[in-house]
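*Asks:* Sending over a structure as structure tokens; questions will come in a sec.
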Amino acid sequence: MVYYLLICRSLTYAQRTAKALERVGITAIVTKVPQVISSDGCGYCVKVSAKHISNALVALKNAELYPIKVFVLYADGNYNEVTL
Amino acid sequence: MIYLDNAATTMIKPASVARNAAWAVGHLSSPGRGGYTAAMDASEIAFECREKVSKLFSVGDPESIVFTFNATHALNIAIKSLVRRGDKVLISGYEHNAVTRPLHAIGARVIVAASELFEPEMALLAFERRLSEDTALVICNHVSNVFGYILPVERIAAACREKHVPFILDASQSAGALDIDFAKLSADYICMPGHKGLYGPQGTGLLLCARRPEGILQGGTGSNSLSQDMPDMLPDRLEAGTHNMPGIAGLSAGLDYIAKKGLKNILSHERALVAEAADGLVKIEKVRVYKSEYEYCQAGVLSFVVDGVPCETVGEELSARGICVRAGLHCAPLAHKTAGTLPNGTVRMSVSSFNTKRDISALVSAVEEIVRRG
């Protein structure tokens with residue numbers, strides 16, 4: 001299964017982001033940023049299934065919530081940063 | 001025991017507050033410090049609490065809500081973010097030492113907009129007359145912790161906006177009883193305890209921020225750990241170190257209680273008790289009561305003095321009868337100076353949602369007895 005990780009500026013921001021997605025029916029999990037993609041030490045992100053990513057980004061834009069980076073997490077465990 | 005010192009802290013809380021706090025001790029780790037269940041549960045509880053605060057005070061953005069240890073901590077952050085030595089700071093005549101001491105320590109030029117007790121129009125005028133372009137900051141408490149006097153803070157805040165002067169509201173005695181709309185008020189900061197009218201445990205406080213403050217603590221935040229600078233973003237910028245999770249979990253339950261009970265109901269209950277106390281006390285010979293003739297001017301705090309009996313003695317006598325009040329200056333000598341109750345101060349009774357008419361009858365009877373015995 002492929003997921004997207006929406007990297008957030010803070011834990012609280014990640015929680016707001018997840019809540020905004022849940023409000024539109026998208027399952028979103030707040031989780032720590034994996035070390036391999038973490039650029040500044042500790043951080044939190046929101047994990048969203050690939051099938052929901054388009055709707056998720058629209059919902060976040062409507063809620064004026066913007067991730068600082070987005071990574072795709074492939075089934076084999078590799079990550080790739082994606083440009084929006 | 002009859003507890004009438006709720007302006008200091010609401011010792012009698014909803015049962016759910018202690019339950020939540022006790023549960024947190026054994027089940028919650030530190031928010032933002034891990035991805036395991038106990039840490040993520042702590043994060044969730046903290047976020048839920050922020051959301052409840054956001055709803056109660058119309059904050060909008062839960063990130064602007066900072067957990068502090070108490071209102072004094074919040075006031076110190078707000079004041080030290082805005083004031084430098086020599087700055088002109090305008091305050092009401094009813095401020096607590098939590099405001100005046102930080103200003104004194106900084107070396108601010110403090111101007112007191114003094115006005116008579118229970119005269120909101122005069123209070124507004126006193127601010128307007130002294131407010132000028134060179135005023136660095138205005139600080140006003142919403143409700144006097146000594147007299148329960150409700151200051152016209154919405155209009156004072158509007159006057160500040162007009163002159164582009166920052167405004168800090170000290171909501172220590174009003175949060176949980178009076179309606180406070182952060183967005184409408186346009187305050188730069190609102191500071192409040194969590195352990196008074198919000199019924200949270202001691203060791204909790206809140207700072208609502210409309211701008212980016214300077215922290216007075218630096219340390220770990222669980223974010224941007226590679227940098228030696230504190231994060232720019234709120235609430236992390238101000239929440240260095242481990243959170244008081246039992247306090248926050250308890251505060252969350254206190255906020256639920258308020259939401260269920262309703263601010264209007266809480267305020268009208270407290271006002272009814274204060275009115276009853278005033279009616280009873282004023283009939284006692286030698287007792288002078290500081291009660292506004294207008295209900296809208298006073299919240300759940302009432303001061304009185306017994307002529308010829310020191311306040312501390314009245315407090316001790318009441319304590320011997322199982323009645324808890326506070327006597328003296330209540331950490332607010334400025335309020336006493338303004339109201340003319342220095343140097344002796346007053347006896348203060350302050351009610352909460354959990355007090356009853358029976359508590360008030362007991363207080364009045366006890367004061368009667370104290371006066372009778374001399």
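The values are calculated or read from the model by the stated rules, or taken from the named source; none is laboratory data. The structure displayed is predicted, hence computed values, not measured ones. FYI the Cβ positions are ideal-geometry reconstructions off the backbone, even for glycines, and counts take in every protein chain you see.
*Asks:* How many of the residues in the stretch A:1-19 are in a loop (DSSP other than H, G, I, E, B) and away from every other protein chain (no Cβ under 12 Å)?
*Replies:* Of the residues in that region, 2 qualify.
*Asks:* Could you go through the stretch B:316-329 and let me know if any residue there is buried (at least 22 other Cβ atoms within 10 Å of the Cβ), assigned to a strand (DSSP E or B) and under 20 Å from the mean Cα position of the chain (by Cα). Show your work before the answer.
*Replies:* Within the stretch B:316-329, the first condition is being buried (at least 22 other Cβ atoms within 10 Å of the Cβ), and the residues that meet it are B:318, B:325-327.
Imposing the further condition that a residue be assigned to a strand (DSSP E or B) reduces the set to B:326-327.
From what's left, under 20 Å from the mean Cα position of the chain (by Cα): B:326-327.
The answer is yes, given that some residue of the stretch B:316-329 is buried (at least 22 other Cβ atoms within 10 Å of the Cβ), assigned to a strand (DSSP E or B) and under 20 Å from the mean Cα position of the chain (by Cα).
*Asks:* Which condition breaks for B:SER252 when tested against (1) crowded, with 18+ Cβ neighbours inside 10 Å; (2) of a type in the set (Gly, Ala, Ser); (3) touching a strand residue (DSSP E or B) at 6+ places or on another chain (Cβ under 8 Å)?
*Replies:* (3)
*Asks:* Going residue by residue through the stretch B:19-38, is there one that turns out to be in a loop (DSSP other than H, G, I, E, B), in the same structural domain as B:ASP181 (by the TED database) and of a type in the set (D, E, K, R)?
*Replies:* Taking the stretch B:19-38 as the starting set, the residues that turn out to be in a loop (DSSP other than H, G, I, E, B) are B:28-36.
After this cut, where a residue has to be in the same structural domain as B:ASP181 (by the TED database) as well, the list is B:28-36.
Okay, now just the ones that are also of a type in the set (D, E, K, R), so B:33.
Looking for residues that are in a loop (DSSP other than H, G, I, E, B), in the same structural domain as B:ASP181 (by the TED database) and of a type in the set (D, E, K, R), one finds at least one in the stretch B:19-38, hence yes.
*Asks:* Looking only at the stretch A:45-68, which residues are within 14 Å of chain B (Cβ to nearest Cβ) and under 9 Å from the mean Cα position of the chain (by Cα)?
*Replies:* Pass one, the stretch A:45-68, residues within 14 Å of chain B (Cβ to nearest Cβ): A:45-47, A:63-68.
Correct list: A:CYS45, A:VAL46, A:LYS47, A:PRO67.
*Asks:* Now, a different point. Quick one: in the stretch B:337-374, which of the residues that are part of a loop (DSSP other than H, G, I, E, B) and of a type in the set (S, T, N, Q) is modelled with the lowest pLDDT? Outline the logic, then answer.
*Replies:* Of all residues in the stretch B:337-374, those part of a loop (DSSP other than H, G, I, E, B) come to B:340-345, B:351-356, B:374.
From the residues that got through so far, the ones that are of a type in the set (S, T, N, Q) too are B:341, B:344, B:352-353, B:355-356.
Values: B:THR341: 97, B:ASN344: 94, B:SER352: 98, B:SER353: 98, B:ASN355: 98, B:THR356: 98.
Only one residue fits best here, namely B:ASN344.
*Asks:* Quick check on this structure: which one of B:VAL153, B:VAL146, B:VAL138 is more than 23 Å from B:GLY345 (Cβ to Cβ), among the β-branched types (Val, Ile, Thr) and touching a residue at least 40 places away in the same chain (Cβ under 8 Å)? If you could, list the steps in order and put the result at the bottom.
*Replies:* Values: B:VAL153 fails: touching a residue at least 40 places away in the same chain (Cβ under 8 Å); B:VAL146 fails: more than 23 Å from B:GLY345 (Cβ to Cβ).
Sole residue among the options that is more than 23 Å from B:GLY345 (Cβ to Cβ), among the β-branched types (Val, Ile, Thr) and touching a residue at least 40 places away in the same chain (Cβ under 8 Å): B:VAL138.
*Asks:* Anything in the stretch B:13-60 that is among the aromatic types (Phe, Trp, Tyr) and within 11 Å of chain A (Cβ to nearest Cβ)? List them, or say none.
*Replies:* Within the stretch B:13-60, the first condition is being among the aromatic types (Phe, Trp, Tyr), and the residues that meet it are B:23, B:36, B:47, B:57.
The answer is B:TYR36, B:PHE47.
*Asks:* For B:THR9, all conditions in the list (1) modelled with pLDDT under 95; (2) touching a His at 6+ places or on another chain (Cβ under 6 Å) hold save one; what is the number of the exception?
*Replies:* Only one criterion in (1) modelled with pLDDT under 95; (2) touching a His at 6+ places or on another chain (Cβ under 6 Å) is unmet by B:THR9, namely (1).
*Asks:* Give the residue, chosen from A:VAL36, A:VAL30, that is within 14 Å of chain B (Cβ to nearest Cβ) and either charged (D, E, K, R) or touching a strand residue (DSSP E or B) at 6+ places or on another chain (Cβ under 9 Å) (or both).
*Replies:* On the way: A:VAL36 fails: within 14 Å of chain B (Cβ to nearest Cβ).
Criteria check complete, one pass: A:VAL30.
*Asks:* Quick check on my filter: what residues within the stretch A:41-65 are touching a strand residue (DSSP E or B) at 6+ places or on another chain (Cβ under 9 Å), over 12 Å from A:LEU21 (Cα atoms) and not hydrophobic (A, V, I, L, M, F, W, C)?
*Replies:* A:GLY43, A:TYR44
*Asks:* If we keep just the residues of the stretch B:220-259 that are more than 13 Å from chain A (Cβ to nearest Cβ), in a loop (DSSP other than H, G, I, E, B) and not hydrophobic (A, V, I, L, M, F, W, C), which is nearest to B:VAL25 (Cα to Cα)?
*Replies:* B:ASN244
*Asks:* Please determine whether any residue of the stretch B:100-121 is under 20 Å from B:PHE182 (Cα atoms) and crowded, with 16+ Cβ neighbours inside 10 Å. Spell out how you get there, then give the answer.
*Replies:* Pass one, the stretch B:100-121, residues under 20 Å from B:PHE182 (Cα atoms): none.
Looking through the stretch B:100-121, none of the residues is under 20 Å from B:PHE182 (Cα atoms) and crowded, with 16+ Cβ neighbours inside 10 Å.
*Asks:* From the list B:ALA187, B:ALA275, which residue is surrounded by fewer than 19 Cβ atoms within 10 Å (Cβ to Cβ), of a type outside the set (Phe, Trp, Tyr) and either in contact (Cβ under 8 Å) with a residue 12 or more places away in the chain or not in a loop (DSSP other than H, G, I, E, B) (or both)? Before the answer, list the steps.
*Replies:* On the way: B:ALA187 fails: surrounded by fewer than 19 Cβ atoms within 10 Å (Cβ to Cβ).
Just one listed residue meets the conditions, B:ALA275.
*Asks:* For A:GLU22, work out the one condition from (1) within 14 Å of chain B (Cβ to nearest Cβ); (2) modelled with pLDDT of 95 or more; (3) buried (at least 20 other Cβ atoms within 10 Å of the Cβ) it doesn't fulfil.
*Replies:* (3) is the only condition that A:GLU22 fails.
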